[in-house]
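Trainee: Dropping a structure here in structure tokens format, bear with me for questions.
The values are calculated or read from the model by the stated rules, or taken from the named source; none is laboratory data. Being a predicted model, the structure only gives us computed values, none of them experimental. No Cβ is skipped: glycine too gets one built from the backbone with ideal geometry, and neighbour counts run over all protein chains shown.
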Ligand SMILES: Nc1ncnc2c1ncn2[C@@H]1O[C@H](COP(=O)(O)OP(=O)(O)O)[C@@H](O)[C@H]1O
Ligand SMILES: [Mg+2]
């Protein structure tokens, strides 16, 4: 790999998203272009209502843009059939949300196993891998706890283990610490940092908290559905920030 090019985990080009409200259309995204180099940690920073969640959903192929193009793992998402899109999402992307979205009646272990069931892995292999992932996020011994029997931080750790279940290249996190106190937030962000540094995952974290810039290589500022700047985070970025903006 030369210093002037990189492998791209996800790219959006001139993406617009219009939401219909009554008879009018409200533009949540207004021509957003961004490419995320593989192996980097990107923070998307913006106030509430700036379009962060909308952008994250589109980057992860959970939602489709009104206009513009999305490349995930080098594939143009709009050209895929629904099953192909679901498969790409399942194999390539791990999602982490502010609300955790764990299944209440399943144990931590079973929650982590779910994406592997979707993939058709045999029970024994699922079990072993889910246990390993829970240990990795610091939850050894809590495998049989239900979400209600875990703290918020522990629930988010389960959600992170679940995001890693199918060994994705890309982890997309939407305000992952939004429901956590500052000490717990720090530990969750350190876990995300670890996933980037040691596991070599590409990480995109959407947040309104400027303090989280310290974990990232790049900071993308978004305002009113538009990217207003792309700059360096507090970790040394492997490529100049301008390279994240497709020409
Ligand atoms: N399903 C929807 N229908 C209508 N408007 C929406 C919908 N989802 C989001 N919006 C609007 O789009 C804008 C961006 O929302 P969102 O992406 O959730 O922002 P953020 O995550 O930065 O808070 C907001 O003004 C929001 O009210
Ligand atoms: Mg949001």
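Trainee: Can you give me the number of residues within the range 73-101 that are touching a helix residue (DSSP H, G or I) at 6+ places or on another chain (Cβ under 8 Å) and closer than 18 Å to residue 52 by Cα?
Mentor: Of the residues in that region, 5 qualify.
Trainee: Going by the structure shown, is residue 15 under 19 Å from residue 220 (Cβ atoms) and either within 13 Å of the chain's Cα centre (by Cα) or buried (at least 23 other Cβ atoms within 10 Å of the Cβ) (or both)? Walk me through how you get there before you give the answer.
Mentor: On the way: under 19 Å from residue 220 (Cβ atoms): yes; either within 13 Å of the chain's Cα centre (by Cα) or buried (at least 23 other Cβ atoms within 10 Å of the Cβ) (or both): yes.
Considered against the rule, which asks whether it is under 19 Å from residue 220 (Cβ atoms) and either within 13 Å of the chain's Cα centre (by Cα) or buried (at least 23 other Cβ atoms within 10 Å of the Cβ) (or both), residue 15 comes out as yes.
Trainee: Within the range 5-14, which residues are touching a residue at least 12 places away in the same chain (Cβ under 8 Å) and outside any strand (DSSP E or B)? Show your work before the answer.
Mentor: First, the residues of the range 5-14 that are touching a residue at least 12 places away in the same chain (Cβ under 8 Å): 6-14.
Answer for the range 5-14, where residues must be touching a residue at least 12 places away in the same chain (Cβ under 8 Å) and outside any strand (DSSP E or B): 6, 7.
Trainee: Going by the conditions given, is residue 10 touching a helix residue (DSSP H, G or I) at 6+ places or on another chain (Cβ under 6 Å) and either away from ligand 2 (no atom under 16 Å from the Cβ) or more than 21 Å from residue 195 (Cα to Cα) (or both)? Before you say what the answer is, go through the steps one by one.
Mentor: Working: touching a helix residue (DSSP H, G or I) at 6+ places or on another chain (Cβ under 6 Å): yes; either away from ligand 2 (no atom under 16 Å from the Cβ) or more than 21 Å from residue 195 (Cα to Cα) (or both): yes.
Answer is yes for this residue.
Trainee: Here's another thing I want to ask about it. Considering only residues that are loosely packed, with under 15 Cβ neighbours inside 10 Å and touching a strand residue (DSSP E or B) at 6+ places or on another chain (Cβ under 8 Å), which ones fall in the range 73-119?
Mentor: Within the range 73-119, 74, 76, 78 qualify.
Trainee: Let me ask something else about it. Evaluate the range 183-194: report whether one residue or more is more than 29 Å from residue 19 (Cβ to Cβ) and over 18 Å from the mean Cα position of the chain (by Cα).
Mentor: yes
Trainee: Here's another thing I want to ask about it. Which ones in the range 41-65 are touching a helix residue (DSSP H, G or I) at 6+ places or on another chain (Cβ under 7 Å) and either under 23 Å from residue 239 (Cα atoms) or buried (at least 17 other Cβ atoms within 10 Å of the Cβ) (or both)?
Mentor: Answer for the range 41-65, where residues must be touching a helix residue (DSSP H, G or I) at 6+ places or on another chain (Cβ under 7 Å) and either under 23 Å from residue 239 (Cα atoms) or buried (at least 17 other Cβ atoms within 10 Å of the Cβ) (or both): 41, 43, 44, 45, 46, 60, 61, 65.
Trainee: Filtering the range 153-178 down to residues that are part of a helix (DSSP H, G or I) and in contact with a strand residue (DSSP E or B) (Cβ under 9 Å, 6 or more places away or on another chain), which residue is farthest from residue 126 (Cα to Cα)? Give the derivation first.
Mentor: First, the residues of the range 153-178 that are part of a helix (DSSP H, G or I): 153-163.
Add one more test, that the residue is in contact with a strand residue (DSSP E or B) (Cβ under 9 Å, 6 or more places away or on another chain), and what stays is 156, 159-160, 162-163.
Values: 156: 20, 159: 16, 160: 16, 162: 11, 163: 14 Å.
So, considering only residues that are part of a helix (DSSP H, G or I) and in contact with a strand residue (DSSP E or B) (Cβ under 9 Å, 6 or more places away or on another chain), the one farthest from residue 126 (Cα to Cα) is 156.
Trainee: Go through the range 205-230 and report how many residues are more than 18 Å from residue 247 (Cβ to Cβ) and touching a helix residue (DSSP H, G or I) at 6+ places or on another chain (Cβ under 7 Å).
Mentor: Qualifying residue count, the range 205-230: 6.
Trainee: Here's a follow-up. Name the pairs whose Cβ atoms lie under 7 Å apart, with the first residue in the range 132-145 and at negative phi and touching a residue at least 40 places away in the same chain (Cβ under 8 Å), the second crowded, with 17+ Cβ neighbours inside 10 Å and not in a loop (DSSP other than H, G, I, E, B), and 6 or more positions between them or separate chains?
Mentor: 137/157; 137/160; 137/161; 137/191
Trainee: Here are the criteria: (1) within 27 Å of residue 234 (Cβ to Cβ); (2) out of contact with any helix residue (DSSP H, G or I) (no Cβ under 7 Å at 6 or more places or on another chain). Tell me which single one residue 68 does not satisfy.
Mentor: Here residue 68 clears every test but (1).
For every residue, the table says whether it meets (1) under 25 Å from residue 147 (Cβ atoms); (2) over 16 Å from the mean Cα position of the chain (by Cα).
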position	(1), (2)
61	no, no
65	no, yes
68	no, yes
85	no, yes
90	yes, no
94	yes, no
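Trainee: Can you spot a residue in the range 32-39 that is under 23 Å from residue 217 (Cα atoms) and either near ligand 1 (Cβ under 10 Å from one of its atoms) or at pLDDT below 95 (or both)? So that I can check it myself, show each step before the final result.
Mentor: Keep residues of the range 32-39 that are under 23 Å from residue 217 (Cα atoms), which gives 32-39.
Filter once more, keeping what is either near ligand 1 (Cβ under 10 Å from one of its atoms) or at pLDDT below 95 (or both): none.
Looking through the range 32-39, none of the residues is under 23 Å from residue 217 (Cα atoms) and either near ligand 1 (Cβ under 10 Å from one of its atoms) or at pLDDT below 95 (or both).
Trainee: Further question: Mind listing whichever residues of the range 47-72 are in contact with a strand residue (DSSP E or B) (Cβ under 8 Å, 6 or more places away or on another chain) and on the phi > 0 side of the Ramachandran plot?
Mentor: 51, 61, 68
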